[in-house]
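The values are calculated or read from the model by the stated rules, or taken from the named source; none is laboratory data. Predicted model only: the values in this text are computed from it and were never measured. Don't worry about glycine lacking a Cβ; one is built from the backbone with ideal geometry, like all the others, and counts go over all protein chains shown. The protein model used for the area step is the full one, side chains on, heavy atoms only, and it has no ligands, DNA or RNA in it. Shrake-Rupley method; radii C 1.70, N 1.55, O 1.52, S 1.80 Å.
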Amino acid sequence: MAALNTTPIIFPLSNPTSKCELSFSDALGWTDGKVLFASGSPYPSIEYKGTMREPGQGNNFLVFPGIGFGALACGAKKVTDQMITASALGLSESLTKEEKEAGLLYPRLERIREVSASVAARVVKAAQEGQVDTISKLRGLSEWFVLLQIVLTIR
């Protein structure tokens, strides 16, 4: 992949780690550190050529709490494709500047509550747009105010 792509994307998603198709260290070595890597299993950070590299963990734990909480918060009659898409967009927009500068694909686990609340707000808005929400108090609020309501609920 590295011979064909300047920045190869490799997502070995098998669990557990012992069954994973490719380790983070091998992916770094075989691509001269150019890989965008996320696995289904957790891998530790590695120092590669003097720089700490953090692997991504492409797992549903990053969106499922937000999808569930968003659906519950708005009383969704069902979870739609648009709500799932909104969760992915919410996740992709939740990286901090520092996480982006570190080359991370996903937010750090330590921020899971914050990320879940942000994802939930996007899910609520998508449910409203799809007219599958049943709790009217969140209707018409900006995404920021929906997020605030969600944060206040989980604290």
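Binning all Cα-Cα separations of the chain at 10 Å, short to long from zero, yields these whole-percent fractions: 11, 35, 27, 18, 8, 0.
Label separation (Leu89 vs Gln131): 1.9 nm, computed from points 7 Å beyond Cα along the C-beta direction. Contact order for the stretch 1-41, expressed relative to its length and based on alpha carbon pairs under 8 Å spaced 6+ residues apart, stands at 53 percent.
Carbon and sulfur: what percent of the chain's accessible surface (1.4 Å probe)? Roughly 56 percent of what the probe reaches on the chain is carbon or sulfur. Note: the stretch 26-115, Cα convex hull, 106 Å³ per residue. The modelled label-to-label distance for the pair Leu148/Ala2, using points 7 Å beyond Cα in the direction of Cβ, is 5.0 nm. Starting from the Cα of Lys19, step 7 Å toward the Cβ, then list every residue of the stretch 38-70 with an amide N under 16 Å from that point. So the set is 39-42, 59-60.
With the contact rule set at Cα under 8 Å and sequence spacing of 6 or more, what percent relative contact order holds for the stretch 34-155? Please report the intermediate quantities before stating the final value.
Numbers: 165 pairs, mean separation 35.2, N = 122.
Reported as a whole number, the value is 29 percent.
With protein chains left intact and a 1.4 Å probe, residues in the chain average 58 Å² of accessible area per residue.
Secondary-structure-derived ellipticity at 222 nm for the chain, considering helices only, amounts to -12500 deg cm²/dmol, per-run term -39500 (n - 2.57) for DSSP H runs with n ≥ 4.
Checking the cross-link pairs Lys34/Lys100; Lys78/Lys125; Lys97/Lys125 against a 18 Å limit on the alpha carbon distance flags Lys97/Lys125 as lying beyond it.
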